[in-house]
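Working notes, beginning with the structure itself.
The values are calculated or read from the model by the stated rules, or taken from the named source; none is laboratory data. Quantities reported herein were computed from a predicted structural model and do not represent experimental measurements. FYI the Cβ positions are ideal-geometry reconstructions off the backbone, even for glycines, and counts take in every protein chain you see.
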Amino acid sequence: MYFAKELLDKSSKMRQQWEDEVKKSVAKHADLKEDWSTVSSLPINRLYGPEDIKDMNFEEDIAYPGQFPYIRGNQVSGYRGRHWTYRMFSGFGTARDTNTRWHELLAAGQTGLSTAFDFPTLMGYDSDDPKARGECGKCGVAIDTLEDFLVLVDGIPMDKITTSMTINPPATILWAMYCAAAEIKGVPLDRIGGTIQNDMLKEFIAQKTLMCPPEPSVKLISDTVEFGTKHVPRWNTISISGYHIREAGSTAVQELAFTLRDGMEYVEDVMKRKGLDIDEFAPRLSFFFNSHIDFFETIAMMRAARRIWAKAMRDRYNAKDERSWWMRFHTQTAGCSLTAQQPFNNVVRTAIEALAAVLGGTQSLHTNSLDEVWCLPTDFAVQIALRTQQVIAEETGVINTIDPLAGSYFVEALTNEMEEQAWDYVHKIDDMGGMVGAIDKGFPQMELADAAYTFQQQIDSAEKIMVGVNKYVIDEKAEIPLLDIEDRIEKEQIARLNEVKRKRDGKAAKKSLDDIKNACKTGENVMPHCIEAVKNLCSVQEICDVYREVYGVFRDPAMY
Amino acid sequence: MAKRKLRIMVAKPGLDGHDRGARVLARCFRDAGYETIYTGCHQTPEEIAAAAVQEDVDCLGLSCMSGAHRYLFPATVEKLRELGADDIQVIGGGIIPDADYQVLYDAGLKGVFVPGITLDDIIKWINENIVPNMKD
């Protein structure tokens, strides 16, 4: 029991008195509305007290920073020794355009890089494929071959700066390019650090960057985990992502549950397929969450995530190394909470969401820019977003003490409740044969479709409020400058690709592709072959076409 | 000939997988009583036009979030014309800057819908503007 019996007796009497007073008060002045719930429709009480957390066990459920279950943070010293990493996601146009933006961001005080690729790259097509028409360089940087990649990292100290790459089906290839670029620049693989997102399960559930079916997709991911464990020890080979699940419409509990269950699926596959011991690779697994506008729900979700993972790793997978129990995560503020209407209000939303992420204990953070609801951000908008993080770190005082919300009756009760609901989902998915089985049945996809539809109806009926959308609406339009990606980029990129293909050693390229095909067929790790292939200037699509040929193509089952 | 239910197809041209809006709309159309077909993500303009003809729809709703609508929407309308299906009325939505509306109307779209519009308003617009074609 978390509190002494004497205190609870006293407290429950006093609570009864308070409840009686509330009844009288509400009879006179009715509440503003009937439904008080989070943005995910999780009901919230008017008040929380000792009774709501009386069953907690201090040693197993709370403890101290750096102690199991790490709900108060992995690091013993909190943010005093080191702020979270300011990691703004960026990428547009050509590799040179993005490289220029990266140097500007580093000069402005950003401490890590994060790459957005364009849709053709994300989907494993080159800039000259008919499917790429109109998309080149639009939503991120276009990368076709290692030649582009070398321009992307030009002047970036790869032994000092960590780089995150949001890449999924072609993750093996883009990571191979990073490794090859480091080698060319004389930086050994054990000195480079960063993250590839490389989380295909959430693609089937939410983001739909699809290429091959789930089973071989998970195999490729296990290849990267094995290769990283053996050769690139500072690299996070997966960023198990809830962000996109939330953006696609899930509730906070669904984000928490599906993300952690995805993580468990990868853990199980690596142990089974690669025969690695859990403690050899688990310390390099990383996560990625969404910091949504419901302040306490976000914080509780992040605290619950750390505790669930610690328990799962210790008890479900028998990890012994404390670092395997840690959940380390990146956070991005919620794109789907931003509004096209009155876009300057987005600065306020993002600031609140960033604060929640910090109080939730994130290791790194991307803050959205006010114009991201419309397009890739302009320099001006990115600077405000970065400064938002710096104001939180340097001015507000919230980092003075670690996990300041611990012990709050409300925050602890909400954390417990979200953990409990998440475990229910985890067990349900276990019963479906794991996440691949659940995806085959369409379970997480339909849970999201239901939640997204419900939320849209709540907005349409003004049951949930979005300022400027269904309340405080004004006619006038804010004129904000938008970043326009010129169509010329497509032509330039195609010309570049043709030039690379003309000048490369065609035989060596062909042999590399054959080697990858053989590896795919025999089940051998593809990574060493991918590094060889990108050095021989094979393109992203050429390698992905091999994957598609051997493993088959997965089509969106179009569930709604 | 009896008036039949409106047949509508929701389609996602291009490579972006941001299908939250498309899926919400598909369900909304189904609940509104339309015969609804959803193509799923990653369709080419050719595939969408062929599917719309095959399914004999009255209305085709395109969704794009990647900024590629300036190419993808007109290309889909063009493919429908090539198939002799210009009676299928095309509408579109997504992240579409004001400056692009006219480009899309000029290309033959009947309606353009952007963030902030309610599901009810979309249904109302369709009921007022799309007439089930009677050719069958």
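Numbers below:
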| read-out | value |
| --- | --- |
| Subset of region B:15-45 [within 15 Å of B:T76 (Cα to Cα) and within 14 Å of the chain's Cα centre (by Cα)] | B:T39, B:C41, B:Q43, B:T44, B:P45 |
| Residues that are assigned to a loop (DSSP other than H, G, I, E, B), under 16 Å from A:Q457 (Cα atoms) and modelled with pLDDT of 95 or more, drawn from region A:29-39 | A:T38, A:V39 |
| Residue, nearest to A:S127 (Cα to Cα), within region A:537-560, restricted to residues that are away from every other protein chain (no Cβ under 12 Å) and part of a loop (DSSP other than H, G, I, E, B) | A:S539 |
| Any hit, region B:93-105, residues being closer than 17 Å to B:G14 by Cα and touching a residue at least 60 places away in the same chain (Cβ under 8 Å) | yes |
| Exclusive hit being over 29 Å from the mean Cα position of the chain (by Cα) and under 30 Å from A:V348 (Cα atoms), set A:K501, A:K471, A:K511, A:K507 | A:K471 |
| Number of the condition not met by A:A180 [criteria: (1) within 30 Å of A:T38 (Cα to Cα); (2) touching a helix residue (DSSP H, G or I) at 6+ places or on another chain (Cβ under 8 Å)] | (1) |
| Residue match in region A:40-62 (condition: in contact with a Pro (Cβ under 9 Å, 6 or more places away or on another chain), touching a residue at least 60 places away in the same chain (Cβ under 8 Å) and either assigned to a loop (DSSP other than H, G, I, E, B) or closer than 30 Å to A:A116 by Cα (or both)) | no |
| Qualifying residues in region A:279-302 (those that are over 16 Å from the mean Cα position of the chain (by Cα) and charged (D, E, K, R)) - the one nearest to A:W423 (Cα to Cα) | A:E297 |
| Test: residue in region B:4-19 that is out of contact with any His (no Cβ under 9 Å at 6 or more places or on another chain), basic (K, R) and within 23 Å of A:R133 (Cα to Cα) | no |
| Members of region B:13-71 that are of a type in the set (F, W, Y) and either in contact (Cβ under 8 Å) with a residue 60 or more places away in the chain or more than 7 Å from every other protein chain (Cβ to nearest Cβ) (or both) | B:F29, B:Y34 |
| Qualifying position, being under 30 Å from A:D475 (Cβ atoms) and over 13 Å from the mean Cα position of the chain (by Cα), among B:A50, B:A99 | B:A99 |
| Selected residue [of a type in the set (V, I, T) and loosely packed, with under 12 Cβ neighbours inside 10 Å] from A:V26, A:V76 | A:V26 |
| Only listed residue being surrounded by fewer than 19 Cβ atoms within 10 Å (Cβ to Cβ), of a type outside the set (S, T, N, Q) and within 14 Å of chain B (Cβ to nearest Cβ), chosen from A:I489, A:I465, A:I485, A:I494 | A:I465 |
| Which listed residue is modelled with pLDDT of 95 or more, under 21 Å from the mean Cα position of the chain (by Cα) and not in a helix (DSSP H, G or I), from A:L220, A:L210 | A:L210 |
| Count - residues of region A:335-373 that are closer than 29 Å to B:T118 by Cα and either touching a residue at least 12 places away in the same chain (Cβ under 8 Å) or within 14 Å of another protein chain (Cβ to nearest Cβ) (or both) | 26 |
| Conditions (1) within 14 Å of chain B (Cβ to nearest Cβ); (2) modelled with pLDDT of 95 or more; (3) crowded, with 22+ Cβ neighbours inside 10 Å; number of the one not met by A:L376 | (2) |
| Selection from region B:106-136 of residues that are over 24 Å from B:V53 (Cβ atoms) and within 14 Å of another protein chain (Cβ to nearest Cβ) | B:V114, B:P115, B:G116, B:I117, B:T118, B:L119, B:D120, B:D121, B:I123, B:K124 |
| Region A:437-479, residues that are among the basic types (K, R) and either part of a helix (DSSP H, G or I) or in contact (Cβ under 8 Å) with a residue 12 or more places away in the chain (or both) | A:K441, A:K464 |
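Conditions tested, residue by residue: (1) within 24 Å of A:K208 (Cα to Cα); (2) among the β-branched types (V, I, T); (3) at pLDDT 95 or above; (4) surrounded by 21 or more Cβ atoms within 10 Å (Cβ to Cβ).
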| residue | (1), (2), (3), (4) |
| --- | --- |
| B:E47 | yes, no, yes, no |
| B:A50 | yes, no, yes, no |
| B:D56 | no, no, yes, no |
| B:G61 | yes, no, yes, yes |
| B:A68 | yes, no, no, yes |
| B:T76 | yes, yes, yes, yes |
| B:I88 | no, yes, yes, yes |
| B:A99 | no, no, no, no |
| B:D136 | no, no, no, no |
